[in-house]
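For reference, the structure is listed below as C-alpha cells.
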Amino acid sequence: MKRENLSRAILIAWIIFAGVEGTWLLGREATAQTSPAQGRSLPMFEVDPSWPKVPAKWKLGDVSSIAIDAQGNAWVLHRPRTLKPDQAAMAAPPVLVFDPAGNFIKAWGGAGSGYEWIEREHGIHIDHKGFVWLGGNNCPGLKLPGLKPVADDQLLKFTQDGKLVMQIGASNQSKGNADTKNVHRAADVWVHPETNEVFVADGYGNHRVIVFDADTGAFKRMWGAFANKPVDDDHCEDVPKPSFADPAGPQNFSIVHAVRVAKDGTVYVADRENRRVQMFTNDGKFVKQLVKTSTPFARNLALSPDAEQQFLYVGDGKEISIVDRKTLEIVGAIQGPGMLGGGHQIATDAKGNIYVAATGNGMQKLVFKGMSALASR
C-alpha cells in the first residue's frame, strides 16, 4: 500500500520566482541572474515504483547509465563487478533491456573476442540506426577490485544483439587531449542523426568534446571549454575542486560528464565538477553557459522530447533542474517523495518520461503526467 501511495505522489516542476543563489547565466563577459519564469507551464512527473522487473536470478551492480531506443525500450548499463562477493555469482550481464512497461527482454555484454570490453562501465547510447554505443571510465590509479589496471580509452559500437560493429581507440592507449585516435575514460556519447556524427563527452581523463564519423570512426573535430584548445590535466578520481571565485569558471573543462545534441544541432555539455552547462554550435563555437555553484549542478543532461525540445533536464543534487534550452535559464525543478535525486546519468523517451541511473542508489522511471497549468512555489 505504501508503494502505491508513493506512486501517486506527483513530482512538481516548481517555478522559481526569485533569483537562484549562486546561479549565473553567462557569456564570455556578461553576467546576469536567472530571470523569473512567471506563469510558465512545466512538466510534472510521478515515480513508477514497479519499474523495472529484473529477473529474480540476477543482481545488478551500480547502474551507471540508461538509454532509450526507437521502440521505447530502456537499455540499462550496470557494473557487475561492483557487487559484493556473496552476490557475484548472480551478477547480470552488463547490458539489460526492458520494454516500456519494465518487462525484461534480454541481456548481454562483457569480455569477448575481437574487442576490448570496457573495465568500468559508464555510458550507453542507442543511435538513430539502432546501434548501441558504450564507454567506460576506469583509471589504473583507482585500483578497483576485480578490474584490470588499464584506462578505458576506447568506445564500442554494437548491434542490438551484442555483435561488435566498431571499436574506436584502444585500451590504455590515450596520448592525451591532442590524440585523435583514442578517447580517455569517456563518460557519454550522443549521435546526431542529421550529420551522422558521434559526439563524445571525453570525459574523465581527457577534458574535451571530440567528434567522430559514426560509420567509420574517422576523427572530425574537438574542442574544450569556451571552445578553447583542451589542456591535459589527468587526475584520475582525485579531481581538484574549483574555488568558484570566478563566476565564469576555469577556462578548461573538468569532468565532461554528459553531452546532448538537439535537433537543431546545438550541443550541450555538462562540466560536472565546475557545476556548469556550456552551449556550443554544432561545429564547436561557444555560445553561452549556465553556472550554478550552490548545489552539485550539471551531473547529467537530457532533452525533452517535444517538437521544439524546449527543456533541458539537468541533474542537480537531490533534484533535476528544468532549463529553458535556448536561453539557458533555470525555470523549475523536479523534486518530490520517493525520487532518487538528480542521478548519475538520465534519459528521456518519446512520451516524456525520465529515466534515472543513480549508480549505488539503483534506477528509476519518472512517468510524465502532463504539463502544469500554473506552477508556483
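The C-beta contact set for region 273-302 (first residue at positive phi, second residue of a type in the set (Ser, Thr, Tyr) and buried (at least 18 other Cβ atoms within 10 Å of the Cβ), distance under 7 angstrom, 6+ apart or interchain) comprises Arg275/Thr293.
Could you pull out the residue among Asp99, Asp86, Asp152 that is of a type in the set (D, E, K, R) and either touching a Phe, Trp or Tyr at 6+ places or on another chain (Cβ under 7 Å) or closer than 22 Å to Phe212 by Cβ (or both)? Exactly one residue qualifies, and that residue is Asp152. State yes or no: is Ile320 among the aliphatic types (A, V, I, L, M), surrounded by 22 or more Cβ atoms within 10 Å (Cβ to Cβ), modelled with pLDDT of 95 or more and under 15 Å from the mean Cα position of the chain (by Cα)? Criteria met by Ile320. Exactly one residue out of Gly224, Gly203, Gly162, Gly169 is modelled with pLDDT under 95 and not hydrophobic (A, V, I, L, M, F, W, C): that is Gly203. For region 345-365, a tally of residues being out of contact with any Gly (no Cβ under 7 Å at 6 or more places or on another chain) and closer than 11 Å to Ala302 by Cβ returns 6.
Answer with yes or no whether Ala307 is at pLDDT below 95 and closer than 22 Å to Arg40 by Cα. Let's see the steps before the verdict.
Working: at pLDDT below 95: no; closer than 22 Å to Arg40 by Cα: yes.
Here the answer is no, as Ala307 does not meet what is asked.
Scanning region 65-113 for residues that are exposed (fewer than 14 other Cβ atoms within 10 Å of the Cβ), outside any loop (DSSP other than H, G, I, E, B) and of a type in the set (Gly, Ala, Ser) yields a total of 1. Taking region 149-165 as the range and being out of contact with any Ser or Thr (no Cβ under 8 Å at 6 or more places or on another chain) and touching a residue at least 24 places away in the same chain (Cβ under 8 Å) as the test, the residues that pass are Leu155, Leu156, Lys157, Phe158, Thr159, Gln160, Asp161, Gly162, Leu164.
Within region 90-113, the set of residues being without any contact (Cβ under 8 Å) to a residue 60 or more places away in the chain, under 19 Å from Ser50 (Cα atoms) and of a type outside the set (A, V, I, L, M, F, W, C) comprises Asp99, Asn103, Lys106.
The values are calculated or read from the model by the stated rules, or taken from the named source; none is laboratory data. On a predicted model such as this, the values are computed, not experimentally measured, just so you know. Using ideal geometry, Cβ is built from the backbone for each residue, glycine included, and neighbour counts are taken over all protein chains shown.
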